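The values are calculated or read from the model by the stated rules, or taken from the named source; none is laboratory data. Keep in mind it's a predicted model, so treat the numbers as computed, not measured. Because the Cβ atoms are built from the backbone with ideal geometry, glycine has one as well, and the counts that use them run over all protein chains shown.
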Amino acid sequence: MGFIRFFLKLFSDAAGTYGGFAAVFGSKWFSGKWPPELIDLHITVKELFPIVLAIDIWGPLLANHKILFLTDNSAVAEIINKTSSREKNIMRLIRRLVLAALKYNIYFRAKHIPGKTNVICDLLSRFSFQEAHQIAPWLSPTPVAIPPQFLHL
């Protein structure tokens, strides 16, 4: 089966220790708090995590498509496009991403976007759900559930 010609866009963001993570795909979205094992990890790992989680959760919906990951972290965009890093925790996530992409026949690329254009995911990653819905009324009123088995590196 071939790929659809255009890229579907998936936005993501991660907040620091006291925030969480989020991703948006069309009207679907999720947001979560950091599991204890991830709370003290480097921000690059944290910014990559919701992207991998999105593929884990929405893989069947994304099957046979081209996906453009939009992130406000330039290092993450570069790592995704290279599918390589020297850091072991990042490589754990990259392996998960690549295996899911193979499983669902997904072609992916990443693009860095300025933080000021990633407002919706930023709000969701800081649990400001009401404000996010005011800015983006097309978002589903409730988040997609995150299966606990995906909340790891």
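Tabulated values for the structure
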{"item": "Failed item, numbered, when D40 is tested on (1) among the acidic types (D, E); (2) farther than 19 Å from P147 by Cβ; (3) in contact (Cβ under 8 Å) with a residue 40 or more places away in the chain", "result": "(3)"}
{"item": "Selection within region 57-107 - closer than 23 Å to H42 by Cα, of a type in the set (D, E, K, R) and free of Cβ contacts under 8 Å to residues at least 60 places away in the same chain", "result": "D72, E78, K82, R86, E87, K88, R95, R96"}
{"item": "Exclusive hit being under 15 Å from I57 (Cβ atoms) and in a helix (DSSP H, G or I), set L124, L102", "result": "L124"}
{"item": "Residue that is nearest to G26 (Cα to Cα), among those in region 119-153 that are of a type in the set (S, T, N, Q) and in contact with a Phe, Trp or Tyr (Cβ under 8 Å, 6 or more places away or on another chain)", "result": "S140"}
{"item": "Count - residues of region 113-142 that are within 13 Å of S12 (Cα to Cα) and of a type in the set (V, I, T)", "result": "4"}
{"item": "Within region 16-59, tally of residues that are of a type in the set (G, A, S), at pLDDT 95 or above and in contact with a strand residue (DSSP E or B) (Cβ under 9 Å, 6 or more places away or on another chain)", "result": "7"}
{"item": "Of residues in region 29-84 being polar (S, T, N, Q) and in a helix (DSSP H, G or I), the one nearest to the chain's Cα centre (by Cα)", "result": "T44"}
